[in-house]
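The values are calculated or read from the model by the stated rules, or taken from the named source; none is laboratory data. Just so it is clear, the model here is predicted, and its values are computed rather than measured. Every residue, glycine among them, receives a Cβ derived from its backbone with ideal geometry; neighbour counts consider all protein chains shown. Surface accessibility is based on the protein's heavy atoms, side chains included, excluding ligands, DNA and RNA. Shrake-Rupley method; radii C 1.70, N 1.55, O 1.52, S 1.80 Å.
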Amino acid sequence: MIYVEDEILGHPRTLQIQARFPDSQVVPCARYGEVFNRRAQSFRLQKRRPSLILAKKHRGFVHEAPEGYGFPGLRNLTFSHMLNCIYDCRYCFLQAMYRSAHYVVFVNYEDFQWEIEERIRAAEGRELYFSSGYECDSLALEPVTRFAASFVPFFARFPKAWLELRTKSTQVRSLLDMEAVPNVVVAFSLTPDEVQQSLELLTPAVDRRLRAAERLQERGWKVGLRFDPLIYNEGFREQYRRLYAQAFEHLQADALHSVSLGPFRLSPRFFRTAERLYPDEPLLAGPMQELDGAVSYRRDLEAEIVKFCTEELLRHIPSSIFFPGLSNVGPSAAPAS
Ligand code: SF4
């Protein structure tokens, strides 16, 4: 079933997306919130059979990134063409952020681009860093949304504005169909195989993500790596050591755009919602503490894993491309894929 807001029933992107699901019933609605924000919805049940909702965004297209996040010296901004994700990571804040697990796609990309262009012009030549996918995975639904196919050529017009596409997916076909754009970074989120298998439900295996990253790098795209969130367990040393070796077998370290890592973090409210949704989830029963408005691993354990992973990473990459602060945003640790 596809819900479509009345106002965009005839929008070309609506028709293009609908055409991919010829057997789906189309249900018109006045505003997406009628479906998405309904009371008494079960996120867990809906996650098994989510519906697609096509909507129009009216305001708030671009947001300032949270303080302390992003590339030093640049103004960092975020935007989301979609709410929710086709994957199901147990540490993701999206499961606690919305009542609904349905996917909302805002089809009016032109309005996002208009506001982005305004921000770029207002910056008068200063560099801006736009992270997409604050409330979704940037590329996971690319065959349906054609988000990158639309926004990458748009950003190619503005060399001083960076676009980061953050993903756990392997959906890079539309990028491979284009020439590499120098101000676009395709950032892959990675965790060890054991973590992917236990906590990142429905996501592609880590090796498949690395192959997608490798293909992009071979074609001249800038690739970033986001080791976020770091997941603590007894075997973490061996797991992360193996992950880094695996990553740098596929990728040329000196050609990477940036590498970051981020400790596990959730707001206390989101953490408690996640606990209610998944009371048997070992991750949520782990050695956590609430401090400074966030639930995280106990500080000593967090310091241990951050130190180990930083030192191991720096055996593979130059420190000039290591940006620990980049990961403090995104649906994973705090809010993108
Ligand atoms: S962490 Fe990223 S990939 Fe996982 S469910 Fe959230 S948005 Fe999707």
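The count of lysine pairs in the chain that are at least 8 places apart or cross chains, and whose C-alpha atoms lie under 24 Å apart, stands at 5. The distance from the alpha carbon centre of the range 268-285 to that of the range 26-73 is 21 Å, rounded to a whole number.
With all protein chains kept in place, the per residue accessible area of the range 1-108 amounts to 48 square angstrom at a probe of 1.4 angstrom.
Putting +1 on Lys and Arg Cβ atoms and -1 on Asp and Glu Cβ atoms, find which of 33, 258, 82 reaches farthest to the positive end of the dipole of the chain. Result: 33, furthest along the dipole toward the positive end.
Which semi-axes, in whole Å and largest first, does the equivalent ellipsoid of the range 1-65 have when worked out from the alpha carbon gyration tensor as the square roots of 5 times its eigenvalues? Write out the running numbers ahead of the final one.
Numbers: eigenvalues 76, 74, 28 Å².
Over the Cα atoms of the range 1-65, the ellipsoid semi-axes are 19, 19, 12 Å.
Charges at C-beta only: +1 for Lys and Arg, -1 for Asp and Glu. How large is the resulting dipole of the range 188-337 about its Cα centre, in Debye rounded to 20? Let's see the in-between values first.
On the way: 18 positive and 21 negative charges, 91 e Å.
The dipole of the range 188-337 has a size of about 440 debye.
Compute the accessible area per residue over the range 198-337, keeping the other protein chains in place, probe 1.4 Å, unit Å².
So the range 198-337 comes to 44 Å² accessible per residue, rounded to a whole number.
Sorted on the mean count of surrounding Cβ atoms within 10 Å across their residues, most packed first, peptides 43-56, 19-32 read 43-56, 19-32.
For the chain, compute Rh as the Kirkwood radius over C-alpha pairs and then the Stokes-Einstein diffusion coefficient at 25 °C and 0.890 mPa s; write the answer in µm²/s, rounded to an integer. Rounded, D is 120 µm²/s.
Could you list the trypsin sites (Lys or Arg not before Pro) in the range 280-318 that lie in coil according to DSSP, counting only those with at most 14 other Cβ atoms within 10 Å of their Cβ? Numbers along the way, then the final one.
Numbers: sites: 298, 299, 307, 315; in loops: 298, 315.
Filter output for the range 280-318: 298, 315.
Restricting the range 93-193 to GluC sites (Glu not before Pro) that sit in a DSSP loop and have at most 14 other Cβ atoms within 10 Å of their own Cβ leaves 124, 179. The share of accessible area on the chain that comes from carbon and sulfur is 49 percent, using a 1.4 angstrom probe. The charge dipole of the range 1-150, taken about its Cα centre with unit charges on the Cβ of Lys, Arg, Asp and Glu (plus for the first two, minus for the last two), comes to roughly 660 debye. Think of each Lys and Arg Cβ as +1 and each Asp and Glu Cβ as -1; about the Cα centre, that makes the dipole of the range 1-76 roughly 300 debye.
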